[in-house]
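**Student:** Handing you a structure now.
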Amino acid sequence: MHPHDAERAAAGSAAGGVPDVAQEGDPWKGHVADPRPPEDLRAGRGELWRQDWVNRQYLGSEAEQPQTLTFDAGLEFLSVNHAEDDWFLQIETFDPHEPFFTQAHYKDLYPHDYGGPHFDWPDYNRVTETPEQVAHARYEYAAPLSMCDHSLGRVLDAMDTHGLWDDTLLIVCTDHGFLLGEKGWWAKVVQPWYEELVHTPLFVHDPRRPDRAGTHDATLVQTIDIAPTLLEYFGVDRTPDMQGRPLGGTAGTDGTAGTDGTAGAGAGRTSALFGMFGGHVNITDGRYVYMRACHDDTNLPLNEHTLMPTRIRGRFTPRELADITLAEPFSFTKGVRTVRVPAPAPALLGPQRFGTLLFDLASDPHQERPIVDDAVELRMIRLLIEQLRANDAPHDQYERLGLPHEPDSADERHLLVAAQRERADAAREPAARADEFPEGTLNLRTPLARLLADPAAADAVRHIVPGLLDTELLTLRGGGTLLHIAAFTGRPGRAQLTELAGELARLFPAARTDSTADDAEVPA
């Protein structure tokens, strides 16, 4: 089976081709009429949401699930080729992933009392739902996770059936985690890259190392180590540019971090770089995690470098491409120049709102208490610069982060944790929840299009939150609600939300007979 993109994996034949089933909002089945889903807590009801409710109608059994079909294709490959040498199989599924949709027999594994609205697809936002709704969503997540465990078990059974344990390398891993209410957040991307998102599972069976069976290794490793591990297993030399290291060659029996934060004996890596474009640039030594935000509120300069000007759901626009330039080759582009495109830096999606953060995983493994320690921060800054240089980061990254180009040039002038502590503390405050406010038939959870269509409700918003309707905030969270906008942006504030909720409850009391149920059934 050919590798799939980690976020868009779909079932297909081992030779590729058009998938015969789809995940999430993939354009799989065409329905002109809008679907009529039940009342749902999700605020984002765009095209992906609509298409998903079309797709679900064709996934009535576990056998029809994309995850199942993907594993089926991999198991077919094993059945045909298990007796051969020099083969490689990658089984990569979209699940477990939102929406948390699966069959009832997996949901039945997690019985709980819940009588609220449908909720298996959280928004990428702060938690605004009640504790009962959060718990329900976690159980909904556990169901497809159990379905994934079942199919993984089918692979392990095939290893037994075909006698593969003696000569077959098996690696089980994932691409990222998903916040399920931890730290007051859902999902990923819009918040810092906490442990729940980046400290991902990794299980390795190496038939050459029977002494390591059932052992746990705390050596600092990354997913970039998987490719050289595979090459080493097949006796293929690594390319000169590879920074990853074979897992079997670098992992010692004791790779725990030392008391000074450095990796222990036998470790292959003393630090690891991680993050995403335009966000925090993060470094860990296995004990401390340093999340470096931009040094000012502009989050600039920021440029995209590419030879394929496309994003996840579309091409770059002509306007974006109007100011492109050719960058000099990077050390890893084999002398090829890339297209450099100025990137927008949305004020509400940048790392500046969270500030620069430093965590000590030894005393705070759940990253609940960021610390201020100038000496540790300075050491981590120097490690970060070393990694930026090793990865040939563009010069504008140093400028965006407010860092020098030489590790030894970093000093107290470049510290940011203490300077940005106030905003970091403010960003960790929980969002206002739905159950904190009175609710009439129109309320803080009413989709904005419906709320603002009523003149009295729109006037109340204008009066209590002056200027809100004249900003770009209403375009940021398509199909959202005032409660979700406030959670994501901090505006309206809690006092304004309280006043507005009371006014809406007065104008539209719950005793009215008209219902907003239809609004939940028709996508905004």
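**Student:** Based on what the data block shows, is A487 modelled with pLDDT of 90 or more, touching a strand residue (DSSP E or B) at 6+ places or on another chain (Cβ under 6 Å) and open to solvent by less than 30 Å² (accessible area, probe 1.4 Å)?
**Tutor:** The answer is yes for A487.
**Student:** What single numbered condition from (1) of a type in the set (A, V, I, L, M, F, W, C); (2) open to solvent by less than 30 Å² (accessible area, probe 1.4 Å); (3) within 23 Å of Q90 (Cα to Cα) fails to hold for W185?
**Tutor:** (3)
**Student:** Let me ask you something else. Quick check on my filter: what residues within segment 348-374 are closer than 30 Å to E328 by Cα and either more than 24 Å from the chain's Cα centre (by Cα) or open to solvent by 70 Å² or more (accessible area, probe 1.4 Å) (or both)?
**Tutor:** L349
**Student:** Of the conditions (1) crowded, with 20+ Cβ neighbours inside 10 Å; (2) at pLDDT 90 or above, G255 clears all except one; give me its number.
**Tutor:** (2)
**Student:** For segment 298-316, enumerate the residues that are in contact (Cβ under 8 Å) with a residue 24 or more places away in the chain and either among the basic types (K, R) or surrounded by 13 or more Cβ atoms within 10 Å (Cβ to Cβ) (or both).
**Tutor:** Those that are in contact (Cβ under 8 Å) with a residue 24 or more places away in the chain and either among the basic types (K, R) or surrounded by 13 or more Cβ atoms within 10 Å (Cβ to Cβ) (or both): T298, N299, L300, P301, L302, N303, E304, H305, T306, P309, F316.
Quick grid of which residues meet (1) assigned to a strand (DSSP E or B); (2) among the charged types (D, E, K, R):
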position	(1), (2)
D297	no, yes
L300	no, no
E304	yes, yes
M308	no, no
R319	no, yes
E328	no, yes
F332	no, no
R337	no, yes
V341	yes, no
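**Student:** Checking E377 against (1) within 23 Å of the chain's Cα centre (by Cα); (2) touching a residue at least 40 places away in the same chain (Cβ under 8 Å), only one condition comes out false. Which one?
**Tutor:** All conditions are met except number (1).
**Student:** A further question on this structure: Name the residues in segment 39-58 that are out of contact with any helix residue (DSSP H, G or I) (no Cβ under 6 Å at 6 or more places or on another chain) and either at pLDDT below 50 or open to solvent by 60 Å² or more (accessible area, probe 1.4 Å) (or both), would you?
**Tutor:** E47, Q57, Y58
**Student:** Only one of A510, A456, A501, A449 is of a type outside the set (V, I, T), modelled with pLDDT under 95 and in a helix (DSSP H, G or I); which?
**Tutor:** Every option except A449 fails the conditions.
**Student:** Of the residues D160, D166, D149, which is surrounded by fewer than 17 Cβ atoms within 10 Å (Cβ to Cβ), acidic (D, E) and part of a loop (DSSP other than H, G, I, E, B)?
**Tutor:** Only one candidate qualifies: D166.
The values are calculated or read from the model by the stated rules, or taken from the named source; none is laboratory data. On a predicted model such as this, the values are computed, not experimentally measured, just so you know. When we count neighbours, we look across all protein chains shown, and the Cβ atoms used for this are built from the backbone with ideal geometry, even at glycine. Side chains are part of the model used for accessible areas, which takes the heavy atoms of the whole protein and leaves out ligands, DNA and RNA. Shrake-Rupley method; radii C 1.70, N 1.55, O 1.52, S 1.80 Å.
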